[in-house]
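The values are calculated or read from the model by the stated rules, or taken from the named source; none is laboratory data. Computed from a prediction, not measured in an experiment: that's the story for all the values here. Glycine also receives a Cβ, built like all others from the backbone with ideal geometry; neighbour counts cover every protein chain displayed.
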Amino acid sequence: MSSAPTIGEKQLDHAELAERFNKDEGRVDWHDQTLWFIRNKRDKAAQSLPEWEELREAASRIKSNVLNNLHDYLIDFERNAEANGITVHWARDAQEHNEIVHSIIQQERITQVVKSKSMLTEECHMNDYLAKQGIEVIDTDLGERIVQLAGEAPSHIVLPCIHWKKEEIGVLFNKHLGTPEGNCDPVLLTAAARENLRTHFMSSRLAITGVNFAVAETGEIVICTNEGNADLGVQLADIHIACMGIEKIIPQRKHLGIFLRLLARSATGQPLTTYSSHFQRPRPGQRMHVILVDNGRSERLGSKDFRNALKCIRCGACMNTCPVYRRSGGHSYHNAIAGPIGAILAPALDMKKNADLPFASTLCGSCTHVCPVKIDIHDQLYKWRQLLVQDGHVATSKKAGIKGMSVVLSSPFLYKAAGKLGRWFMKNVPKLTNNKFNPWFKQREMPEPPKGSFRHWYRENRKK
Amino acid sequence: MNSREQILARLKSHLSAGNDLPEPVIPGNLRTSKIDKLKTVLTGIGGHCIHAENWADVVEKLRAKFPSPGRWLNTIPQLETFIHSNQQPDPHLLEDVTLGVMKGHFAVAENGAVWITSDQMGDRALPFICEHLALVINESDVLPTMYEAYEFIADSKYDFATFIAGPSKTADIEQSLVLGAHGPKTLTLILLSSV
């Protein structure tokens, strides 16, 4: 369900998937503007706090401290959580995580569970795994439910169905929830989903959630939602399973005062999510499990260049601001986490499969500027490119082009000759550049060829 | 080696001295009075804010705001008028509650959130399952920002607690804001004059 589009066996790369998304120009403009609208809301929220930059700096430094001492903080968290009556599990990879979830469900002889948003379970492809074991997972976040009914993966970590138009959701709900045909009123559609999902909340004995923050000092976990779906699911269930990457730890409860001020403002421009729930002990009679998942994180901690990516608090601000993400859509990244942050996280998981992603960027740096924990995203994108070329994961055509350019640029004679030839061909044989084999000709006209070179212009004009 | 030992061993090999933990002393600056800010923000996120002189006034204001009959549950001892609610043997039985009334510890001006702990909820499911939610705080218990909020919370004890900022909401369908996604469709915050 959550695998990226492929043709036969071949996984399409970002450029190919983006090209597909770009076929519908109107939709691209709409997608771009919707995300830009959210980016603007984020700016307003950030600018309303004079202490914003101080908060980012503090958050970034707290996370540095966490990464430096993760070993100790995890042990603290485990001890405190267990003292609170929570069962703590450790999973080295996605497979083990899925097996742990499955074994808990199996012990309870349950076949249907509710789940609130968790990017970790997306990363582990947990829904697919459980489906194969005969267990149905009902996603309860409205956006996630929409993409689930459509058989898709979320295209954005905060706004899972940002690529869907309301008319399409109307058709989908008409088919699955029996809403009136042709009705696409968001109020009516949301009410229909509320009614339908309420029956699942009422009947499900087990709830799976993600984790936004886990506090080492107290052994509590914090979950943020606007809909209240995590809380409703957990409070009506006999068993609660919370799944988290090991980097979600923060040292002390009071640090939430920094992170919660940043998270929702960065994500949607809200001052705070509607619910920021602190789970310290299970409700009387309830069993609560926390699964700590590594899946490549401890390995990455050893890499000086890329470890900072583990500071991410999953706000999605880097996606909303990214000129490439906004115009290529989340699915073009063929990874659970899309956008700039996804493009630096994915190659660490599978360098070969995700070699294209660090190139899905203009390196404009906007992602780095909005990141609430100051991850050097665009620098890491650049560093990944170098590593990928070094290790031979980049297409030979790209390599050959860059080699050729380096020869030309290092010889003044060749450079002059190449410029002259280029201008002549553009003027006299425009077909040679204005064709579908030239990637610079896609979706744009080639410029008028200049009459002479810059060098020529400069020589003429310096005299004046 | 089991997974726990394996993960911890790898993390240990990457331990580095690095920076100390910064003291997060970053008080906010509201640029306006706490109460004004709270009201503006709460209204902006779809909530309602009203004043009450005393507990009798709370009852009167709630009756005026919710005139239709329904199942009301209250967890505040001072409000004897309404049925008192405790931890339920089965939280599913709360599904038809139309109005839940409970006391919060304090509200936060910068984001309209109210801090409420499980001992104030009766049943933990109540603030999420009821159709409408009314929270009462003392007017003097308004804190400017989350910084002051966590100064207050830092060492407190609770089993479960939450910040509630406005009614349950979603904007997943084309960014159109809809109130009442899964939880309460409305949220009323009652500021009680010091009694």
Among (1) under 17 Å from residue B:181 (Cα atoms); (2) free of Cβ contacts under 8 Å to residues at least 60 places away in the same chain, where does residue A:174 come up short? (1)
Within the stretch A:302-310, can one find any residue that is touching a Pro at 6+ places or on another chain (Cβ under 9 Å), part of a helix (DSSP H, G or I) and not small (Gly, Ala, Ser)? no
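Does residue B:88 satisfy being farther than 27 Å from residue A:140 by Cα and modelled with pLDDT under 95?
Criteria not met by residue B:88.
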So, in the stretch A:383-395, of the ones that are part of a helix (DSSP H, G or I) and surrounded by fewer than 13 Cβ atoms within 10 Å (Cβ to Cβ), which residue ends up modelled with the lowest pLDDT? A:390
Test each condition in (1) touching a residue at least 40 places away in the same chain (Cβ under 8 Å); (2) surrounded by 13 or more Cβ atoms within 10 Å (Cβ to Cβ); (3) within 13 Å of chain A (Cβ to nearest Cβ); (4) more than 27 Å from residue A:283 (Cβ to Cβ) for residue B:61 and report the one that comes out false. (3)
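Please state which one of B:16, B:33, B:68 is farther than 29 Å from residue B:171 by Cα and more than 14 Å from chain A (Cβ to nearest Cβ).
Working: B:16 fails: more than 14 Å from chain A (Cβ to nearest Cβ); B:68 fails: farther than 29 Å from residue B:171 by Cα.
Unique residue meeting the criteria: B:33.
Can you pull out every residue in the stretch B:113-130 that is closer than 14 Å to residue B:141 by Cβ and small (Gly, Ala, Ser)? Write out each step before concluding.
Here is the first cut: in the stretch B:113-130, the ones closer than 14 Å to residue B:141 by Cβ are B:113-117, B:120.
Passing the criteria: only B:113.
Among the candidates A:431, A:398, A:420, which residue alone is at pLDDT below 80, of a type in the set (Lys, Arg) and over 17 Å from residue A:351 (Cβ atoms)?
Values: A:398 fails: over 17 Å from residue A:351 (Cβ atoms); A:420 fails: at pLDDT below 80.
From the options A:431, A:398, A:420, the qualifying one is A:431.
Which of the helices (runs of 4 or more DSSP H) contained wholly in the stretch A:14-97 include at least 1 residues that are crowded, with 19+ Cβ neighbours inside 10 Å and under 22 Å from the mean Cα position of the chain (by Cα)? Spell out how you get there, then give the answer.
On the way: elements: A:14-21, A:25-47, A:52-68, A:70-83.
Hits in the stretch A:14-97: A:14-21, A:25-47, A:52-68.
Only one of these is aromatic (Phe, Trp, Tyr), surrounded by fewer than 19 Cβ atoms within 10 Å (Cβ to Cβ) and within 16 Å of the chain's Cα centre (by Cα): B:152, B:128, B:163. Name it.
On the way: B:128 fails: surrounded by fewer than 19 Cβ atoms within 10 Å (Cβ to Cβ); B:163 fails: surrounded by fewer than 19 Cβ atoms within 10 Å (Cβ to Cβ).
Of the residues listed, the single one that is aromatic (Phe, Trp, Tyr), surrounded by fewer than 19 Cβ atoms within 10 Å (Cβ to Cβ) and within 16 Å of the chain's Cα centre (by Cα) is B:152.
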Which condition number in (1) surrounded by fewer than 18 Cβ atoms within 10 Å (Cβ to Cβ); (2) part of a strand (DSSP E or B) is the one that residue B:189 fails? (1)
All-but-one check, residue A:453 against (1) surrounded by 11 or more Cβ atoms within 10 Å (Cβ to Cβ); (2) of a type outside the set (D, E, K, R); (3) touching a Phe, Trp or Tyr at 6+ places or on another chain (Cβ under 8 Å), failing number (3)
Only residues that are more than 28 Å from residue B:173 (Cα to Cα) and either touching a Pro at 6+ places or on another chain (Cβ under 7 Å) or within 14 Å of another protein chain (Cβ to nearest Cβ) (or both): list them for the stretch A:90-117, please. A:90, A:91, A:92, A:93, A:94, A:95, A:96, A:97, A:98, A:99, A:100, A:103
Among the candidates B:26, B:50, B:7, residue that is surrounded by 15 or more Cβ atoms within 10 Å (Cβ to Cβ), in contact with a helix residue (DSSP H, G or I) (Cβ under 9 Å, 6 or more places away or on another chain) and more than 8 Å from chain A (Cβ to nearest Cβ): B:50
Spot the failing condition for residue A:343; the list is (1) aliphatic (A, V, I, L, M); (2) over 28 Å from residue A:103 (Cα atoms); (3) assigned to a loop (DSSP other than H, G, I, E, B), and only one is missed. (3)
Hey, among A:410, A:332, A:406, which residue is of a type in the set (S, T, N, Q) and under 30 Å from residue A:30 (Cα atoms)? A:332
Which one is nearest to residue A:208 (Cα to Cα) among residues in the stretch A:221-263 that are within 23 Å of the chain's Cα centre (by Cα) and without any contact (Cβ under 8 Å) to a residue 60 or more places away in the chain? A:242
In the stretch A:118-165, how many residues are of a type in the set (Ser, Thr, Tyr), within 13 Å of chain B (Cβ to nearest Cβ) and either touching a Cys at 6+ places or on another chain (Cβ under 8 Å) or more than 18 Å from residue B:170 (Cβ to Cβ) (or both)? 1
Looking at residue A:304 and the list (1) closer than 24 Å to residue A:58 by Cα; (2) away from every other protein chain (no Cβ under 11 Å), which single condition is not satisfied? (2)
Just checking, which of B:63, B:31, B:71 is touching a strand residue (DSSP E or B) at 6+ places or on another chain (Cβ under 6 Å) and of a type in the set (Lys, Arg)? B:71
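Scan the stretch A:52-73 and give yes if some residue there is within 22 Å of residue A:282 (Cα to Cα) and of a type outside the set (S, T, N, Q), otherwise no.
Within the stretch A:52-73 (the criterion being within 22 Å of residue A:282 (Cα to Cα) and of a type outside the set (S, T, N, Q)), the answer is yes, since at least one residue qualifies.
This table checks each residue for (1) free of Cβ contacts under 8 Å to residues at least 40 places away in the same chain; (2) within 10 Å of chain A (Cβ to nearest Cβ); (3) within 27 Å of residue A:219 (Cβ to Cβ).
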{"residue": "B:86", "(1), (2), (3)": "yes, no, yes"}
{"residue": "B:98", "(1), (2), (3)": "yes, no, no"}
{"residue": "B:112", "(1), (2), (3)": "no, yes, no"}
{"residue": "B:141", "(1), (2), (3)": "yes, no, no"}
{"residue": "B:161", "(1), (2), (3)": "no, yes, yes"}
Have a look at A:131, A:150, A:81 and point out the one that is of a type outside the set (S, T, N, Q) and in contact with a strand residue (DSSP E or B) (Cβ under 6 Å, 6 or more places away or on another chain). A:81
Quick check on my filter: what residues within the stretch B:166-180 are facing chain A (nearest Cβ under 7 Å) and either surrounded by fewer than 20 Cβ atoms within 10 Å (Cβ to Cβ) or among the polar types (S, T, N, Q) (or both)? B:168, B:170, B:174, B:175, B:176
The stretch A:266-288: number of residues that are part of a loop (DSSP other than H, G, I, E, B), facing another protein chain (nearest Cβ under 7 Å) and more than 17 Å from residue A:55 (Cβ to Cβ): 5
